[in-house]
Amino acid sequence: MPEPRGSVGPVKVRKRLLIGSLAVSLVASVAIGWAIAASNDDDGGELVVIDPTSGVSIAPPSLGTNAAVEGDPLPNLAVQTLEGQDVMTGDLVGQPLVINIWGSTCGPCKKELPDFAAAHAVFGDQVRFVGIDYLPPSDREEQFARDKGVQYELLYDASGDFINEMGISAFPVTLIVTPDGTIVQQTGQLDEAKLTALIEEHLL
């Protein structure tokens with residue numbers, strides 16, 4: 001018997017349910033994949049996008065999500081020491097400066113830390129190296145970097161004010177800053193060779 005006009009037959013209903021289920025499964029799989037990627041402890045991987053106030057991955061990664069700050073002055077905002085004391089970023093200015101913005105939940109950040117440690121060993125007497133962690137101050141974060149060979153000063157953007165002002169959401173980010181406080185280079189993940197080239201080009 002033919003179905004009344006305008007009605008949806010059982011086959012069509014099943015097809016719609018199947019398509020809907022597949023769509024939900026796909027979304028769930030992607031969400032789970034991002035959660036796994038955000039919590040993966042491997043040193044490799046792509047850039048991650050993190051909510052600086054919570055340390056949680058919030059969006060697909062892209063350096064294009066970061067504001068372009070080359071040519072801008074380094075903003076003067078409070079970041080913190082491990083002990084919670086405020087340090088003004090403006091007070092870092094006055095000498096050649098490399099600022100690496102990182103966190104232990106970011107795979108590429110972890111991968112490049114030994115490269116920064118190696119570059120600091122070579123240029124540390126000429127260039128000031130500073131790590132600014134997007135996570136709150138903690139002995140765990142401090143020790144994590146030290147275990148990667150980092151000996152330069154580490155600060156923490158506990159409030160997220162610095163990262164928000166800079167328009168950063170994809171990590172890691174490195175800022176090359178001249179003694180007058182101008183940001184002359186803004187990069188993503190670096191290895192020792194690339195970092196060395198930037199230092200020699202802009203700071204020496």
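A short reminder: the numbers here are calculations on the coordinates, not readings from a lab. Quick caveat: nothing in here was measured; it's all calculated off a predicted structure. Quick reminder, even Gly has a Cβ in these numbers, built from the backbone with ideal geometry, and neighbours come from all protein chains shown.
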Over the alpha-carbon set of segment 131-172, divide Rg by the Kirkwood Rh and report the Rg/Rh ratio to two decimals. 0.99
So for the pair residue 122, residue 70, with labels modelled 7 Å out along Cα→Cβ, what separation do we get in nm? 2.2 nm
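How many percent of the alpha carbon pairs in segment 48-202 exceed a separation of 25 Å? Mind showing how you got there, number by number?
Working: 2335 of 11935 pairs.
Summing the P(r) of segment 48-202 above 25 Å gives 20 percent of all pairs.
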Give me P(r) over segment 85-161, computed from all C-alpha to C-alpha distances, binned every 10 Å, as integer percentages. 18, 54, 28, 0
